[in-house]
Amino acid sequence: MKTLQSTLLLLLFVPLIKPAPPTQQNLRIIYDYGTDNSEETLFTQDYEDKYLDVKNIKEKEAMIRLDEKSHQLQKDESFTPLPPKKENDEMPTCLLCVCLSGSVYCEEVDIDAVPPLPKESAYLYARFNKIKKLTAKDFAEIPNLRRLDFTGNLIEDIEDSTFSKLSLLEELTLAENQLLKLPVLPPKLTLFNAKYNKIKSRGIKANTFKKLSNLSFLYLDHNALESVPLNLPESLRVIHLQFNNITSITDDTFCKANDIRYIRDRVEEIRLEGNPIVLGKHPNSFICLKRLPVGSYF
């Protein structure tokens with residue numbers, strides 16, 4: 001009976017006993033389920049301080065990154081982009097072409113304009129490309145050029161002053177292009193080749209060849225000339241005019257009608273075949289020549 005009473009008393013007093021509260025050192029997180037905000041989390045002061053420190057650092061880093069982006073954006077807005085360049089324009093001439101001892105070889109590289117040349121260039125071979133026009137700027141700073149070869153391009157137009165400053169130029173080849181007229185030619189030319197073009201007589205001025213006292217070789221075959229160019233210089237040795245539309249020749253074309261003693265002794269070859277003219281009808285036109293021109297006499 002006493003034992004039963006003791007047990008009942010123990011059961012009555014147990015609910016009144018509360019566990020001792022946890023010490024401050026062991027306190028980490030206490031979840032208070034007795035309040036309405038059951039999901040609210042309480043942190044110790046030490047944990048809160050660390051959290052705030054990390055948060056402040058991240059905010060500062062974010063502000064720095066934002067400032068850097070703003071600065072970069074200002075730089076980008078103030079920067080003016082350069083116009084796009086063609087692939088060939090971006091390459092130095094002596095990588096696109098071959099440069100060797102004053103000679104520049106730009107053959108079959110699909111250029112559509114004369115590339116910038118080294119100032120010491122004396123010979124340029126730009127054959128079989130897509131060049132359509134020649135200008136004075138192309139050679140303005142290359143005064144030592146002696147030979148230019150533009151065979152097999154698409155040249156339709158040449159500015160009159162293109163070769164005016166090339167006082168040393170001796171050989172100029174413009175064969176196999178689309179020319180309708182000739183520009184002013186430099187005074188020291190020894191060879192001029194413009195065969196296989198579309199040049200008509202009106203595209204050649206009366207004094208084009210007059211002052212070229214060193215010109216020895218003239219190639220104007222396979223064009224659309226209606227007559228032999230005027231004032232051909234005494235220095236000429238070879239004159240090719242075959243396969244044009246030449247229909248007439250006068251006594252002054254190669255000789256001098258008023259001087260029966262005049263002999264044109266330097267001429268070695270004149271070709272006139274393939275023209276709609278019968279040379280046999282103009283015997284006085286060749287009396288000053290050592291050799292008769294090649295062509296049809298009947």
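The values are calculated or read from the model by the stated rules, or taken from the named source; none is laboratory data. All values reported here derive from a predicted model rather than from experimental measurement. Here the Cβ is made from the backbone with ideal geometry for all residues, glycine too, and neighbour counts use every protein chain on show. Remember, those area values only see protein heavy atoms, side chains included, never the ligands or the DNA or RNA. Shrake-Rupley method; radii C 1.70, N 1.55, O 1.52, S 1.80 Å.
Structure data summary
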| read-out | value |
| --- | --- |
| Meets criteria (surrounded by fewer than 19 Cβ atoms within 10 Å (Cβ to Cβ) and within 47 Å of the chain's Cα centre (by Cα)) for Leu292 | no |
| Only one of Ala122, Ala140 that is within 25 Å of the chain's Cα centre (by Cα), among the aliphatic types (A, V, I, L, M), surrounded by fewer than 21 Cβ atoms within 10 Å (Cβ to Cβ) and modelled with pLDDT under 95 | Ala140 |
| Any pair with Cβ under 7 angstrom, 6 or more apart, that starts in the stretch 251-278 at a residue that is on the phi > 0 side of the Ramachandran plot and ends at one that is open to solvent by 70 Å² or more (accessible area, probe 1.4 Å) | Gly274/Phe243 |
| Selection status of Thr151, surrounded by fewer than 20 Cβ atoms within 10 Å (Cβ to Cβ) and closer than 24 Å to Gln178 by Cβ | yes |
| Residue within the stretch 161-178 that is open to solvent by 40 Å² or more (accessible area, probe 1.4 Å), farther than 30 Å from Leu272 by Cα, among the charged types (D, E, K, R) and under 20 Å from the mean Cα position of the chain (by Cα) present | no |
| Within the stretch 104-119, tally of residues that are more than 19 Å from Pro186 (Cβ to Cβ) and over 16 Å from the mean Cα position of the chain (by Cα) | 0 |
| Yes/no for Leu117 being within 24 Å of Phe217 (Cβ to Cβ) and either modelled with pLDDT of 95 or more or assigned to a loop (DSSP other than H, G, I, E, B) (or both) | no |
| For Glu107: the one exception among (1) in a loop (DSSP other than H, G, I, E, B); (2) within 22 Å of Ala194 (Cβ to Cβ); (3) touching an Asp or Glu at 6+ places or on another chain (Cβ under 8 Å) | (3) |
| Test result for Pro187, part of a loop (DSSP other than H, G, I, E, B), open to solvent by less than 60 Å² (accessible area, probe 1.4 Å) and within 26 Å of Phe163 (Cβ to Cβ) | no |
| Which listed residue is at pLDDT 95 or above, among the hydrophobic types (A, V, I, L, M, F, W, C) and over 30 Å from Phe128 (Cα atoms), from Val238, Val278 | Val278 |
| Options Ser248, Ser227: the member that is buried (at least 17 other Cβ atoms within 10 Å of the Cβ), touching a Ser or Thr at 6+ places or on another chain (Cβ under 7 Å) and among the small types (Gly, Ala, Ser) | Ser227 |
